[in-house]
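S.K.: The structure is given below, and queries will be raised subsequently.
The values are calculated or read from the model by the stated rules, or taken from the named source; none is laboratory data. Keep in mind the model is a prediction, meaning the values are calculated, not measured. Backbone-built Cβ (ideal geometry, glycine too); neighbour counts: all protein chains shown. Ligands, DNA and RNA are excluded from the accessible area calculation, which covers all protein heavy atoms including side chains. Shrake-Rupley method; radii C 1.70, N 1.55, O 1.52, S 1.80 Å.
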Amino acid sequence: MLRSRLVWKLCASYVAPVLLVALLVALGLPLPWSALLAAIAALALAAWSARRLTRPLDAMTEAADAMRNGGLRRAIAGHGADEFDRLAAAVDGMAQDLQGRVEALTGDRNKVLAILASMVEGVVAVDRGERVVHMNEVAERLLGASPGQAAGRRIWEVTRASGVCELLEATLREEGEAAGELVLRVGTDPAERRIEMRSSPLRDAAGEVAGAVVVLHDVSELRRLEEVRRDFVANVSHELKTPLTAIRGLVETLLDDRHMEEATRVRFLEKIRDQSSRLSTLVSDLLTLARIESPEEPIERRTLDLRSPVREGAARFAPLCQHKGLEMRLELPERAVLLRGDEEALRQIVDNLLDNAVKYTPSGGRVRLRLVAPASDGGPERWALLEVEDTGIGIEPRHQERIFERFYRVDKARSRELGGTGLGLSIVKHLALAHGGRVSLESTPGRGSTFRVHLPSPPPAA
């Protein structure tokens, strides 16, 4: 339709001058003048027709250039010609359809970027040439890349972690999934981090491999917990097996030897009693730790005077200190030390610290139990200090950081000989944390140790 309209206009521009010349000649005007007038009229008609044809085309060209630059919402006005109006409407419809598709793609892209940014895992995507297409903030931090400067650069130019580069290269080469583990240091953290890597190829609409993506998962804490669990199970098994083996051997000896001397029999029975007591203490300590760490059994809190469990603990251990030849000193403040906590748990803190001090202080030494009230300056942070000082064997610096771990012993043989389970100080630490407090240690080998427990104390009532 548009082509026939254009052909008709072109024909009219040629035929009209000829008809005009013939009319003027018929009216008696000389031929040269008739031809001149016809030529002028033809030029005017041609200019008018060209203007009519080029104006809508120029408008459409401008609109197309604007759409190419992102202005898809621009509409093309009609120009009175049905053919051009329909063409303009078709172009406008195409622009609106493209605008809808672009908005949908932009929305999907923003959703994907938001998901990638909120992930705790690192994500790195590269194209077929191993140039970085996307790298989220977690991946930048793990791989030591400059924030926002990785896109467009090759992966080996972005990070020194060769394991990531090799895994992506293998994924692109084999066109299949791959996995691996990476050990690296993040930032200024001196500790090594274990990173689990899983990569997959990225495919285009035709199914061809267009790149690869790798997900980086920091499993350092998981590996540490697995190691703690293995050590805990191994230690519990060993600690339970030792007294059970001793009890079984003693009982079998008693059963086999019917004519055993009475003194020997009594000595064997006393050893069975001691091992049974040790086993009972171990199980009790394990249950205490389990109860402390259970979120379903929080400690019961009520306002109490911390001097009471401290005074009771000193009274319980005074006979043992006297029997062992130790000097027991108790220092309590004159005013009440108010605390919101579990009284039984606080007794356990005092008992475990005193038991540890008495156990590792030789005869003639000194054990001091001291309670310091918080400062009465009305400040927001008020801490009560419980301190147990001894003149025992002390602890070497290399052991001090781990002394509060479960089953950790400085001298395993000596500890078992004295009846320790290796859980007392761990219980102290967990109970202090459960009360919102903290523990600390100051020790010098051969001169003694000082264990401190800081507990938050509420301000006195107005």
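S.K.: In the stretch 117-158, which residues are at pLDDT below 80 and surrounded by 19 or more Cβ atoms within 10 Å (Cβ to Cβ)?
M.R.: Correct list: empty.
S.K.: On the basis of being open to solvent by 30 Å² or more (accessible area, probe 1.4 Å), over 30 Å from Leu386 (Cα atoms) and among the hydrophobic types (A, V, I, L, M, F, W, C), does Leu255 make the cut?
M.R.: When the stated conditions are applied, Leu255 passes them.
S.K.: Something else now. Based on what the data block shows, is Leu202 out of contact with any Pro (no Cβ under 6 Å at 6 or more places or on another chain) and either at pLDDT 85 or above or under 27 Å from Asp127 (Cα atoms) (or both)?
M.R.: yes
S.K.: Between a first residue in the stretch 272-285 that is in contact (Cβ under 8 Å) with a residue 24 or more places away in the chain and a second residue that is outside any helix (DSSP H, G or I) and open to solvent by 30 Å² or more (accessible area, probe 1.4 Å), which pairs have beta carbons less than 7 Å apart while being 6 or more apart in sequence or on different chains?
M.R.: Within 7 Å, the pairs are Arg278/Gly419.
S.K.: Something else: For Ala205, which of the numbered conditions (1) of a type in the set (A, V, I, L, M, F, W, C); (2) open to solvent by 80 Å² or more (accessible area, probe 1.4 Å); (3) farther than 24 Å from Lys111 by Cα fails to hold?
M.R.: Of the numbered conditions (1) of a type in the set (A, V, I, L, M, F, W, C); (2) open to solvent by 80 Å² or more (accessible area, probe 1.4 Å); (3) farther than 24 Å from Lys111 by Cα, the odd one out for Ala205 is (3).
S.K.: Another question, if that's okay. Which helices (runs of 4 or more DSSP H) does the stretch 303-406 wholly contain that include 1 or more residues that are among the aliphatic types (A, V, I, L, M)?
M.R.: Working: elements: 307-324, 343-359, 397-400.
Helices (runs of 4 or more DSSP H) meeting the threshold: 307-324, 343-359.
S.K.: Could I ask something else about it? List pairs: first in the stretch 162-181 and free of Cβ contacts under 8 Å to residues at least 60 places away in the same chain and more than 14 Å from Val124 (Cα to Cα), second surrounded by 12 or more Cβ atoms within 10 Å (Cβ to Cβ) and acidic (Asp, Glu), Cβ under 7 Å, 6+ apart or cross-chain?
M.R.: From residues that are free of Cβ contacts under 8 Å to residues at least 60 places away in the same chain and more than 14 Å from Val124 (Cα to Cα), the pairs are Glu181/Glu196.
S.K.: Sticking with this one: Regarding the stretch 296-309, can at least one residue be identified that is within 20 Å of Arg438 (Cα to Cα) and of a type in the set (Ser, Thr, Tyr)? Walk me through it before giving the result.
M.R.: Step one: of the stretch 296-309, the residues within 20 Å of Arg438 (Cα to Cα) are 298-307, 309.
Of the ones still in play, those that are also of a type in the set (Ser, Thr, Tyr) are 303.
Yes, the conditions are met somewhere in the stretch 296-309.
S.K.: Here's another thing I want to ask about it. Within the stretch 274-285, does at least one residue satisfy the condition of being assigned to a helix (DSSP H, G or I), farther than 21 Å from Leu425 by Cβ and not polar (S, T, N, Q)?
M.R.: yes
S.K.: Of all residues being charged (D, E, K, R) and in a helix (DSSP H, G or I) in the stretch 288-302, which is modelled with the lowest pLDDT? Just the residue, please.
M.R.: Of everything passing the filter in the stretch 288-302, Glu293 is modelled with the lowest pLDDT.
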